[in-house]
Amino acid sequence: MKKSIFLILLFSSYIYSVDRDITAKVYGTVFSELYQNRDLVYVYIQDNSYLKYFNKKSIKATFDISKATVALVSSAKELEKVVSQNRDLAIFTTKQRILYKSDNVIGGFYWTKGRRQLIFIEERLNRYHISLPDEYKRYTIERL
Amino acid sequence: MKYKYINKYVLSVLILLVGFVLYLQYSVSLSTQELKEQEIDKTKAYASKIVHYIKRRVPSDLDKSLSGNEALQEELNRVLHAFMTDKYKYIFVLDRVNDNYYRFLLDGSIDFKADFHSIFIPKSSLYDEVYDKKTIQVIRQKDSVENVWISILVPIVYQNKSEALLVLDLSKNYCEYLESFNSPLVDLIDLMQFFLVVSILILATLLYRYYIFRKKFLKDTISSAYSREYLDEFFSKNSLNQYHALLIDIDEFRVINSKYGYSAGNRVLEEFVSAIRLFLSEYHCDLVFRIGGGEFVVVIKKDLISIDEITKGLFIRLKEKRYFINDEIFQIKLSMSAMEIPNDVVSWYKVLRFLDEKLLDIKKKGKNNFAIIDKTSKNDLKYSDIDYIKDRLENEDVKCIYQPIFYTKERKIAKFETLVRLYDVDDDRDISPYFFMGKIRGTSQYLKLSRIVFKEIFKTLESYPDIELSVNLNLDDLYNQEMLEMLDSVLSKHHEYAHRLTFEILEDQEIFDYNVVNEAFNRLRYFGSKIAIDDFGSGYANYIYLIKLNVDFIKIDATIVKELLSNPQKSKEVIKSIKDLANRLDAKVIVEHVSTKEIYQMMIDLDIEYSQGFYLGEPKNIREYLD
């Protein structure tokens with residue numbers, strides 16, 4: 001069910017016309033897929049505006065990095081803060097360039113040339129023992 | 001209740017308008033589409049030029065040439081940027097890494113420029129197709145890519161191998177700009193659509209109001225039966241010969257109103273109609289119309305029920321129905337005439353008139369009964385139409401037939417009674433006075449008929465010098481100055497034959513002024529004509545006539561003669577006494593309706609001077625008796 005919702009959100013024409021709100025919902029779906037085995041995923045955020053999107057039963061936002069399952073990072077500054085506090089925490093980014101700045105960044109969801117881009121880096125996912133369903137293989141690259 | 005509320009012309013205009021608007025919309029859309037297609041073709045050529053430029057600048061190995069050569073990257077990015085006019089949103093060059101993803105090689109954007117070799121995962125499989133097939137492709141983005149209308153994908157091919165592809169995005173703004181070319185027309189179409197919608201709404205409102213108005217107009221508010229107007233409309237739209245028609249009249253309905261009050265009368269009407277409807281509902285019909293105070297018409301399709309079933313069934317149902325008004329339970333009496341409307345009848349009014357006449361017959365015979373007009377021929381309806389009768393008179397389609405009056409003892413023809421018929425030329429049939437006499441009496445048509453008849457009578461008297469004729473004259477005619485003048489005129493004109501003519505005076509009302517009648521008799525007698533009193537012994541024709549009037553013959557009424565068979569002794573005494581009295585007053589007696597040998601023999605026994613009847617001779621053309 002979650003997968004269908006995700007795919008609908010991902011590919012429907014509607015999703016391409018939406019802004020940050022819908023994007024944030026996509027993050028929620030992505031995190032659910034990434035951590036399918038967990039009952040509760042804590043997403044470390046530093047931007048308050050994301051707070052309202054991670055208040056579901058299975059995904060919650062946290063400002064406490066020690067509780068976090070994964071971190072959502074939107075800038076180099078935020079990345080630096082996360083890495084400095086928890087060197088092993090998996091990171092998901094909203095900016096393409098962040099992908100190149102740390103090996104902890106397992107993937108990203110961002111806009112390039114008006115097009116949505118969802119990317120997972122297989123090599124890094126493996127490091128965190130995360131395996132993605134087959135539906136996401138087309139968004140997965142081996143390494144950067 | 002079916003009715004076409006939308007006039008076909010209004011509907012045609014609306015359909016034309018809607019069609020015109022749709023056509024305009026289609027034309028504008030086609031024109032805009034053509035404009036866009038032209039622009040896409042131009043953009044393809046433009047993108048090909050860019051590719052041509054890149055290939056000229058980098059003749060081979062694009063990726064290798066750009067890798068590590070930032071100056072070349074910068075130069076070509078600037079060139080791409082230079083190609084970006086307002087039409088274009090993005091121009092960039094991609095290199096396929098593997099089946100999964102692409103990398104940016106060049107990007108003409110200034111803001112948010114993609115890094116060299118940064119990853120790009122396309123959504124569409126057309127990217128791979130362009131790469132593999134080396135053909136230009138167009139992706140219509142709709143809403144899938146922000147602010148991009150069309151993406152043109154052009155392969156960059158070196159030595160017959162795709163090394164990269166150029167993506168040129170036409171902006172959505174430009175699409176809107178193209179669409180705006182036809183915007184005045186689009187605005188006009190929008191305006192027309194608005195106008196049409198408003199018109200249709202107004203029309204719908206008017207139709208609704210008209211429907212409500214019609215519903216009120218076409219239904220009787222008291223009984224909830226349909227109105228007479230709707231009955232007329234119904235038969236203007238439906239074929240008469242598919243229906244049975246019943247005319248129902250509540251006997252003495254006025255009495256109900258006066259005895260129980262109008263509100264009670266209204267309730268009776270309402271319940272009466274409900275009862276009819278309940279009966280008709282068994283045949284999925286509700287066509288009951290109120291055409292008068294307590295008068296209703298019911299029509300039902302012939303194929304639903306036979307005329308006998310509907311008439312008897314409905315009559316019994318309505319007769320047995322009980323009404324509970326003002327703490328009193330009562331039943332009403334009704335008279336009903338019914339008919340299966342014959343084929344070829346074109347006027348509902350004729351049917352109604354015919355039913356009405358039959359209803360009158362029922363009422364005359366005591367009301368509270370029904371009559372089914374069996375095998376109603378179109379001729380019966382035809383003859384009951386006054387216009388048809390007028391036409392016959394206009395064409396002088398009148399004929400006289402003659403019934404002999406015999407000297408009783410000798411059984412020799414003494415004279416002939418003239419009987420008048422109209423003639424149906426089309427069907428070669430005689431039309432009985434039953435159909436027309438009552439309708440034309442008192443009108444100019446009656447006078448016209450009389451003129452024709454007297455012309456015929458004197459012609460006959462002239463042709464047969466040895467015969468005498470008698471002719472019926474209504475008592476009313478003696479009060480009619482025009483008629484008397486006409487009689488004076490014809491008698492004067494044919495005075496030499498007048499003494500062979502007897503006027504048999506019929507009457508259906510009491511004589512109030514015997515002087516006037518005697519004076520009229522004198523005028524008729526002036527040239528020698530004789531006077532007979534017809535139907536003596538019935539109605540108003542009684543003994544006072546013998547005292548007050550001077551008559552030559554007394555014609556005993558058929559009802560007395562008929563009694564000879566069932567009540568011979570008394571009847572004989574009555575006839576004998578009339579004869580004795582008449583003889584003493586110098587009048588002779590004629591007995592009509594001598595229909596059997598037995599009656600004829602009685603007439604001989606009673607020494608009756610003259611006898612007339614079917615036993616002795618039927619009414620025929622006079623030639624059949626004399627030639």
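Taking the condition of being under 49 Å from the mean Cα position of the chain (by Cα), of a type in the set (D, E, K, R) and farther than 17 Å from B:A532 by Cα, how many residues in the stretch B:460-517 meet it?
Residues flagged as under 49 Å from the mean Cα position of the chain (by Cα), of a type in the set (D, E, K, R) and farther than 17 Å from B:A532 by Cα within the stretch B:460-517 amount to 2.
State the number of residues belonging to the stretch B:147-158 that are out of contact with any helix residue (DSSP H, G or I) (no Cβ under 7 Å at 6 or more places or on another chain) and either acidic (D, E) or within 11 Å of chain A (Cβ to nearest Cβ) (or both).
The total comes to 1.
Can you find a residue in the stretch B:308-328 that is closer than 22 Å to B:N238 by Cβ and free of Cβ contacts under 8 Å to residues at least 40 places away in the same chain?
Yes - at least one qualifying residue is present in the stretch B:308-328.
With the condition kept exactly as written, say whether any residue in the stretch B:164-179 is without any contact (Cβ under 8 Å) to a residue 60 or more places away in the chain and more than 10 Å from every other protein chain (Cβ to nearest Cβ).
The first filter runs over the stretch B:164-179 and keeps only residues without any contact (Cβ under 8 Å) to a residue 60 or more places away in the chain, leaving B:176-177.
Next, from what is left, pick out any that are more than 10 Å from every other protein chain (Cβ to nearest Cβ): B:176-177.
Yes, there is a match, as at least one residue in the stretch B:164-179 is without any contact (Cβ under 8 Å) to a residue 60 or more places away in the chain and more than 10 Å from every other protein chain (Cβ to nearest Cβ).
Residues that are surrounded by fewer than 17 Cβ atoms within 10 Å (Cβ to Cβ) and touching a helix residue (DSSP H, G or I) at 6+ places or on another chain (Cβ under 8 Å): list the helices (runs of 4 or more DSSP H) wholly contained in the stretch B:497-608 that include at least 3 such residues.
B:514-525, B:568-584
Against the condition in contact (Cβ under 8 Å) with a residue 24 or more places away in the chain, in contact with a strand residue (DSSP E or B) (Cβ under 6 Å, 6 or more places away or on another chain) and farther than 30 Å from B:R103 by Cβ, how does A:I106 come out, does it pass?
no
What's the number of the condition B:K161 fails, among (1) more than 13 Å from every other protein chain (Cβ to nearest Cβ); (2) surrounded by fewer than 16 Cβ atoms within 10 Å (Cβ to Cβ); (3) farther than 21 Å from B:Y53 by Cα?
(3)
Determine which member of the set A:V18, A:V26 is assigned to a loop (DSSP other than H, G, I, E, B) and modelled with pLDDT under 85.
It is A:V18.
Tell me, yes or no, whether the stretch A:116-136 has at least one residue that is modelled with pLDDT under 90, part of a helix (DSSP H, G or I) and within 14 Å of the chain's Cα centre (by Cα).
yes
Right, A:E142: within 14 Å of chain B (Cβ to nearest Cβ) and surrounded by fewer than 18 Cβ atoms within 10 Å (Cβ to Cβ) or not? Can you show your working first?
Working: within 14 Å of chain B (Cβ to nearest Cβ): yes; surrounded by fewer than 18 Cβ atoms within 10 Å (Cβ to Cβ): yes.
Yes: the conditions hold for A:E142.
Here is a check on your reading of the model: is A:G28 among the small types (G, A, S), in contact with a helix residue (DSSP H, G or I) (Cβ under 9 Å, 6 or more places away or on another chain) and within 14 Å of chain B (Cβ to nearest Cβ)?
no
Does B:I467 fit the bill of being hydrophobic (A, V, I, L, M, F, W, C) and more than 24 Å from B:N518 (Cα to Cα)?
yes
Out of the helices (runs of 4 or more DSSP H) lying entirely within the stretch B:423-494, which hold 2 or more residues that are more than 26 Å from B:Y388 (Cα to Cα)?
The helices (runs of 4 or more DSSP H) meeting that bar are B:444-463, B:475-479, B:481-493.
What helices (runs of 4 or more DSSP H) completely inside the stretch B:239-342 contain at least 3 residues that are polar (S, T, N, Q) and in contact with a helix residue (DSSP H, G or I) (Cβ under 7 Å, 6 or more places away or on another chain)?
none
Show the residue pairs that are 6+ apart or on different chains and have beta-carbon atoms under 8 Å apart, the first residue being within the stretch B:57-83 and on the phi < 0 side of the Ramachandran plot and in contact (Cβ under 8 Å) with a residue 12 or more places away in the chain, the second being of a type in the set (A, V, I, L, M) and part of a loop (DSSP other than H, G, I, E, B).
Pairs found: B:L66/B:V58; B:L72/B:V58; B:L76/B:V58; B:H81/B:I110.
Looking only at residues that are among the aliphatic types (A, V, I, L, M) and exposed (fewer than 15 other Cβ atoms within 10 Å of the Cβ) in the stretch B:168-194, which one is nearest to B:A82 (Cα to Cα)?
Looking at residues that are among the aliphatic types (A, V, I, L, M) and exposed (fewer than 15 other Cβ atoms within 10 Å of the Cβ), I get B:L188.
Out of everything in the stretch B:516-562 that is in contact (Cβ under 8 Å) with a residue 40 or more places away in the chain and among the acidic types (D, E), what residue ends up being nearest to B:E504 (Cα to Cα)?
B:D534
What is the residue count in the stretch A:106-127 for residues that are within 12 Å of chain B (Cβ to nearest Cβ) and either under 27 Å from B:H81 (Cβ atoms) or of a type outside the set (D, E) (or both)?
15
Test of understanding: among B:K142, B:K134, B:K123, which residue is in contact (Cβ under 8 Å) with a residue 12 or more places away in the chain and either surrounded by 16 or more Cβ atoms within 10 Å (Cβ to Cβ) or within 11 Å of another protein chain (Cβ to nearest Cβ) (or both)? Explain how you work it out, then say what you get.
Numbers: B:K142 fails: in contact (Cβ under 8 Å) with a residue 12 or more places away in the chain; B:K134 fails: either surrounded by 16 or more Cβ atoms within 10 Å (Cβ to Cβ) or within 11 Å of another protein chain (Cβ to nearest Cβ) (or both).
Every option except B:K123 fails the conditions.
Which residue is farthest from B:Q141 (Cα to Cα), if the candidates are limited to the stretch A:83-105 and must be of a type in the set (V, I, T) and more than 14 Å from chain B (Cβ to nearest Cβ)? Talk me through it step by step, then tell me what you get.
Filtering the stretch A:83-105 for residues of a type in the set (V, I, T) gives A:83, A:91, A:93-94, A:98, A:105.
When the remaining residues are screened for being more than 14 Å from chain B (Cβ to nearest Cβ), the result is A:83, A:91.
On the way: A:V83: 39, A:I91: 32 Å.
The residue in question is A:V83.
Considering each of B:K390, B:K358 in turn, give the residue that is within 31 Å of the chain's Cα centre (by Cα), in the same structural domain as B:F416 (by TED's automatic domain parsing) and not polar (S, T, N, Q). Before the answer, list the steps.
Values: B:K358 fails: in the same structural domain as B:F416 (by TED's automatic domain parsing).
So the residue among B:K390, B:K358 that is within 31 Å of the chain's Cα centre (by Cα), in the same structural domain as B:F416 (by TED's automatic domain parsing) and not polar (S, T, N, Q) is B:K390.
Looking at A:K52, A:K60, A:K77, can you tell me which residue is surrounded by 13 or more Cβ atoms within 10 Å (Cβ to Cβ), away from every other protein chain (no Cβ under 14 Å) and not in a loop (DSSP other than H, G, I, E, B)?
Being surrounded by 13 or more Cβ atoms within 10 Å (Cβ to Cβ), away from every other protein chain (no Cβ under 14 Å) and not in a loop (DSSP other than H, G, I, E, B) holds for just one of A:K52, A:K60, A:K77, which is A:K60.
Could you please find all residues in the stretch B:68-120 being of a type in the set (K, R) and surrounded by 17 or more Cβ atoms within 10 Å (Cβ to Cβ)?
Hits for the stretch B:68-120 are B:K87, B:K89, B:R96, B:R103.
Within the stretch A:84-101, track down each residue that is more than 17 Å from A:L144 (Cβ to Cβ) and part of a helix (DSSP H, G or I).
Once the filter is applied, which keeps residues that are more than 17 Å from A:L144 (Cβ to Cβ) and part of a helix (DSSP H, G or I), the stretch A:84-101 yields A:S84, A:Q85.
The values are calculated or read from the model by the stated rules, or taken from the named source; none is laboratory data. Please read these numbers as outputs of a predicted model, since none were measured by experiment. When we count neighbours, we look across all protein chains shown, and the Cβ atoms used for this are built from the backbone with ideal geometry, even at glycine.
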